[in-house]
Structures are given as C-alpha cells and as structure tokens.
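Structure, as structure tokens:
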Amino acid sequence: KCLFFYCLRSRESAEGGKVIVEVDGKVAKVRNVKVDSRLDNTWDSREKTVAFSFDYCYWSVDPEDPKYASQEMVFQDLGTSVLSGAFRGYNICLFAYGQTGSGKTYTMMGTPASVGLTPRICEVLFLFHLYLLKQICFSCFLEIYNERVRDLLKQSDQKKPYTLRVREHPETGPYVQGLTQHLVTDYKQVVELLEEGIAKRITAATHIHNASSRSHAIFTIHYTQAILENNLPSEIASKINLVDLAGSERADPSYCKDRITEGANINKSLVTLGIVISTLAQNSQMFSSCQSINTITSEGDSSHADSPSTSSVSGTRRPAYIPYRDSILTWLLKDSLGGNSKTIMVATISPASSSYNETMSTLRYASNAKNIINKPRVNEDANVKLIRELREEIDRLKTMLMSFELRNSSPSWSDDRDGNLTELVLQNEMKVCMKYLML
C-alpha cells in the first residue's frame with residue numbers, strides 16, 4: 001500500500017490553502033487543523049500531528065523539491081511488482097483511491113508528457129511479449145456509472161444506452177456477461193484501446209475539478225504463458241486489474257439532478273468499498289490472533305488445550321459477513337480485495353488544509369487496507385500440477401524405500417514396509433501415466 005501527495009490545485013491556492021502534510025521516509029504526518037485553529041488549545045488532549053506509515057510514500061508537490069517522486073520512480077517501485085507477479089502466474093490488482101482531483105487518473109493513466117502506471121506496465125509487458133512468443137494477451141475496458149456496467153470498447157448507439165450484467169462463476173468468481181475481449185499483440189494496440197476507452201469515459205465539471213471522472217474504470221489484461229514444466233507443456237495465466245476509481249466528494253446544493261445522482265452512487269460504492277476493506281481487515285486480524293492462540297495452546301499441556309475456556313473462545317470467533325454484493329464495484333473486485341490476488345492500493349491525497357477531512361478519511365482507508373491478508377496462488381494447468389505433486393510423492397517414497405533398505409535391521413518388519421511403499425510408488429506412477437494419456 002502506498003501514498004501519493006500532489007501539488008495544490010489552483011482553486012486551493014486561490015483560497016489560501018496551506019500545506020499541512022509532510023513525508024518522513026515511509027511515514028506521512030498530517031497536522032491537525034482542528035487543533036491548530038483553536039487560539040487556546042492548552043487543555044486539548046488531541047494530537048497536533050497524526051502519523052500514518054505505508055510501504056511507500058511519494059511526494060509530488062513541487063518538481064523542484066529533491067524529494068519529488070516522478071512517474072518513472074513510481075513505476076520502478078509499483079509497476080515492476082505488478083509485472084513480476086503477472087510473469088509468475090499470479091492475479092494482480094492495482095487500484096487508486098482518493099478525493100476528487102487528488103491525482104488518481106494522473107497516477108494510473110498519466111498525460112502524454114508524463115505517462116502513468118497503466119501504459120508503462122503494458123509497454124514492458126509487451127517488450128517481454130516480443131522475446132517470449134508463446135504468450136497470449138486479451139484486454140477489456142469497462143466503467144461502472146450509476147451502478148451500471150458499460151463496455152468502453154464496444155461500438156454502440158449513444159441514443160440507446162446499454163448495460164451489462166454481472167454474474168458469478170462458482171470457480172472463477174464474478175465476471176461481466178457480454179464484455180468484449182480484444183486480442184492484443186503489441187503495445188501500440190493497447191494504447192489505441194486505452195485512448196478509445198478513456199475518450200468514452202463519463203466526466204463532468206465539479207466545484208473541485210473541471211474534468212472529474214464520474215465513473216469507476218477497470219482496465220483488465222488476461223495474460224497467458226505457454227511453458228514447459230517437467231518436460232510437459234503447460235500454461236500459467238494471470239489477470240491484471242488496473243482500476244481508476246471515481247473520487248469521493250461532498251454534495252453541492254448548486255449541482256443539477258444528474259450530478260447529485262452521480263455523486264450519491266459514487267459515494268455509495270466507495271462507502272461499500274470502505275466497509276468491505278474494514279471487514280476484511282478485521283477478519284484477517286481475527287484469523288492472525290486465533291492462530292497465535294492456537295500456537296500457544298498447542299505448546300501447553302493437553303489438559304489446558306482441551307479446557308472449556310479455550311474452546312469457548314475459539315468457538316465464538318466467527319468471520320464477519322463481507323457485503324461484496326452491496327455494490328457492483330466491490331462485487332467485481334471480490335477476488336482482488338480478499339481472495340486469489342496480489343493487490344496494491346494507491347491512496348492519493350491533497351496536502352491542502354482545506355482538504356483535511358477528505359485527507360484523513362483516505363489515510364484511514366489505506367491504513368485499514370494494510371491489515372488485509374490475501375491468499376494468492378499461481379494459476380496453472382490442473383493436470384500438470386497434479387503430475388508434479390505425484391512425482392514429488394514418488395520421489396519421497398523412493399527416498400523412504402532407500403532408507404529402509406539401508407537400515408535392514410529387522411527383515412520381517414522391513415519386508416512388509418518395503419512391500420507397502422513399493423505398492424504406493426507403483427500406484428502413483430500409474431496415476432502419472434494416466435494423466436499423461438489425458439493431456
């Protein structure tokens with residue numbers, strides 16, 4: 001999880017906004033404006049400065065500042081992590097969260113003069129694609145607007161808007177029915193798809209930002225590699241989700257009805273995202289504490305381990321329900337948030353004093369997300385995985401056979417055990433042969 005600080009917007013500068021945030025290594029410190037604003041705060045017990053620690057903190061307020069973090073620096077830290085996981089067959093999710101106008105789209109997409117994470121990741125991905133020809137890439141691009149899913153890469157009649165349905169597969173998880181997937185073979189094609197999708201995204205002027213994104217956008221790359229493992233042809237697949245969320249903001253009475261509806265739906269989905277993150281964090285902490293209790297208990301006497309007090313403590317701790325389906329966004333990101341995925345959250349904030357409340361809310365979001373423990377696994381061919389496991393079992397049994405033959409201390413017992421082990425080895429070798437025939 002990482003944190004970005006971007007420069008003061010023109011509106012904030014005009015209003016006399018002051019920088020209230022500073023970075024000290026991997027720690028972000030925010031000055032409490034509510035305490036500072038009091039003339040006499042001698043008896044105020046609240047902290048004047050609140051600190052949050054993250055894996056990375058990037059200062060992008062002033063390009064002349066020695067601590068300034070460029071897009072290239074961010075890519076070297078985060079983009080390379082995304083690519084490393086994808087090449088090894090893991091699902092990856094990178095999403096940007098923050099206040100409207102805090103730099104989410106700039107971080108994810110960038111500008112022609114300062115390219116963001118998404119194009120940079122795709123460029124390096126296809127550099128490897130040129131050298132490793134046994135790869136296939138499909139891309140899709142969708143947006144969630146007013147809790148409805150729209151395909152950004154599908155030609156449609158603007159007079160007849162359409163929405164796509166979200167379904168859930170029992171094994172692969174949530175997916176969008178009817179979403180188009182485009183085969184891409186080089187970086188140029190990816191850029192064209194990105195530009196096409198970005199041009200179709202719904203934006204509007206708000207009191208904070210002149211071109212605010214009014215929808216959540218998810219650009220997905222399905223990346224499959226053909227490999228040779230144990231002299232067998234195999235495949236490993238990864239799904240890369242690059243997510244640009246709409247910004248949270250307060251409703252303005254001067255907005256028209258459409259803007260108010262948009263804002264309400266954006267805030268609803270972001271609130272649900274916050275609840276999901278908070279619940280996942282609580283469940284992860286509970287799981288860790290239960291493991292610690294079980295470890296301590298197992299080290300004690302069996303009488304203590306079987307005591308009623310211990311069983312009652314473990315029995316009352318059940319994971320809390322996670323409301324993924326309360327929002328289309330959290331439903332689609334179900335696996336990324338709490339399942340089979342390596343996930344990076346980018347929190348973007350404004351360092352201005354006028355954005356204090358939104359900044360603290362974003363930092364608490366990100367701080368909660370740090371506690372989530374996912375269980376990513378390599379997406380590989382099931383048959384090849386089984387053959388590998390059977391071969392490992394055969395090697396283990398053969399090693400045991402050799403050790404028993406070397407001992408040979410009691411012939412009758414050794415002969416019986418050798419016979420059983422030999423039978424197990426033969427059974428496993430037969431299973432391997434059957435799987436070979438199935439491939």
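Any read-out appearing in this document is the output of simple, stated calculations on the displayed coordinates, not a laboratory observation. On a predicted model such as this, the values are computed, not experimentally measured, just so you know. Cβ atoms come from the backbone with ideal geometry, glycine included; neighbour counts cover every protein chain shown.
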*When ranked by the protection proxy of mean other Cβ atoms within 10 Å per residue, highest first, what sequence do the peptides 342-352, 214-224 form?*
342-352, 214-224
*3J(HN,Hα) from dihedral phi, the range 347-358, Karplus parametrisation 6.51/-1.76/1.60, rounded to Hz, x for glycine, proline*: 9, 10, 9, 9, x, 6, 5, 5, 9, 4, 4, 5
*If Lys and Arg each add +1 and Asp and Glu each add -1, what is the summed charge of the other residues whose beta carbon sits under 12 Å from the beta carbon of residue 182?*
-2
